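Every number in this text was worked out from the coordinates using simple rules, so none of it is lab data. Just so it is clear, the model here is predicted, and its values are computed rather than measured. Note that we place each Cβ from the backbone using ideal geometry, even for glycine, and neighbour counts take in every protein chain shown.
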Amino acid sequence: MINANFYALTAPALTSYLQTKQYSSYVTSQLLSWVYKHQHLSMEQWMNVSKKLRAQLCLDFSFELPLIESIQRSIDGTTKFLLRFNDGEGVESVLIPTANRLTQCLSTQVGCAMKCAFCFSGSEGPKRNLQAHEIVGQYIAVNRFLLKNPIIIPEDPLCTYYPKITNLVFMGQGEPLNNYEEVKRATTIFLEPQGIAFGQRKVTLSTCGVVPKILLLNEFPPVNLAVSLHSPRDAIRDQLMPINRSYNLEKLFTALNQLSLKAYRRITYEYLLIDELTNTPEDLELLIKLLIRERSKINLIPFNEYPGHSFKRPSDEKNLWFCNELGKHGFTATIRQSKGRDILAACGQLKATRTSVITTSNC
Ligand code: SAH
């Protein structure tokens, strides 16, 4: 067990470890409570844990977290963190304040293998999977920062104050389902009632459509599922998302249809609005035919530009038209406000290059 990272331990794994040292299972709750509920990471404060066990834990586990290397804050309050792991690799994670939520967008891989044509994050290619403790570590590191530096939006007349992360989305760098086991373990840790205790509906996993792994999702903790659809036409999807050449729309929807209705009654479809490529009247018609109203929520994402991009973001009027038409046809559709575009923190804009190392003074 030496040098295992504590943040990769599920509650049952911690209990088994404690049993091997002759401690009873209620110690699991005590430890998880100190680390996750009270966020006291320094063991001197763990009054109800024996000195002997504390010493043993130090021998057996690392409590290392990713280092926050830089922080950038957008005028809309969106805050982007560059986090560095001990092998020198880094990822970005973003805090997004909206009406009454503070959502953290988590990365699951360093780089990404999916090569989606519109995505800046994917343009650096695959590097490595994150381990569960590196995924959980993004949350702990950012949450600790937040405890000392709550987000306050200066322009907001209500001076809304965001002291706590309320939602998690696996929508940062990487394809979560290409790192299935580690993402599953991190999700389990996020949901455990004795620990971090997020509600299932507060966590969202997003995939570009890795069909063999979608087929396993009935065994995954039942969090919200988002699917990056982006076009109802195979020919266009083939161009935009190479995964479609292996798993086309028919295969994707066959897999989605076998998901348990109880856990996945509603799926969110992320739909990229690219001018004249995905937002034509024909696209609208095909999309309406493809999706089942009662089981779908459509989240329209106007294309976010980044250095060297080659697609066009449609006008706000066109985006509104597309959204309203879906509404008229009985769909629940919203346009995602692309927050943090000024600091390249919006969808598809994350990339942990050293060029983004700027620390702003207002954090
Ligand atoms: N790999 C997963 C998780 C990434 S989620 C997935 O594909 O679902 C990030 C979301 O932002 C995805 O829907 C992705 O397709 C979208 N996205 C990527 N680049 C974008 C861009 N330039 N503008 C708007 N959305 C983008």
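Miscellaneous remarks
- C-alpha long axis of helix 180-191 to longest principal axis of the chain, angle in °: 70 degrees
- Extension gain from R336 to R295, taking 0.36 nm per residue of separation minus the Cα-Cα distance: 12.8 nm
- The range 97-143 and the range 158-192 have their alpha-carbon centroids 9 Å apart.
- FRET efficiency for H329 and F63, using Cβ-Cβ distance with R0 set to 30 Å, rounded to 0.05: 0.05
- Diagonalising the gyration tensor over the Cα atoms of the range 25-162 and scaling each eigenvalue by 5 before taking the square root yields semi-axes of 31, 23, 11 Å, largest first.
- Structure remark: mean-square fluctuation, Gaussian network model of the chain, C-alpha springs under 10 Å; the largest value among G125, G195, G137 belongs to G125.
- Helix 316-328 axis, angle to the chain major axis (alpha carbon atoms, nearest 10°): 90 degrees
- I152 paired with R245, simple spin-label distance in nm, labels 7 Å along Cα-to-beta-carbon: 5.3 nm
- Gyration tensor (alpha-carbon) shape descriptor, the range 64-130, a/c threshold 1.5: oblate
- Folded to 0 to 90 degrees: helix 51-60 orientation relative to the chain principal axis, Cα: 50 degrees
- Point-to-point label distance, E124-K37, nm (Cα→Cβ direction, 7 Å offset): 3.8 nm
- Were the residues from R54 through E282 laid out at 0.36 nm apart, the gain over their Cα-Cα distance would be 75.7 nm.
- Between S29 and Q45, the modelled label-to-label distance comes to 2.1 nm, taking each label 7 Å out from Cα in the direction of the beta carbon.
- Along the range 286-302 the Karplus relation, 6.51 cos²θ - 1.76 cosθ + 1.60 evaluated at θ = phi - 60°, assigns HN-Hα couplings of 5, 5, 4, 6, 6, 9, 8, 3, 5, 9, 10, 10, 10, 10, 7, 10, x Hz to successive residues, with x for each Gly and Pro.
- Positive-end extreme of charge dipole, the chain - chosen from F311, N224, Y271 (charges on Cβ): N224
- Each helix, a run of at least 4 DSSP H residues, gives -39500 (n - 2.57); summed and divided by the residues of the chain, these come to -8000 deg cm²/dmol at 222 nm.
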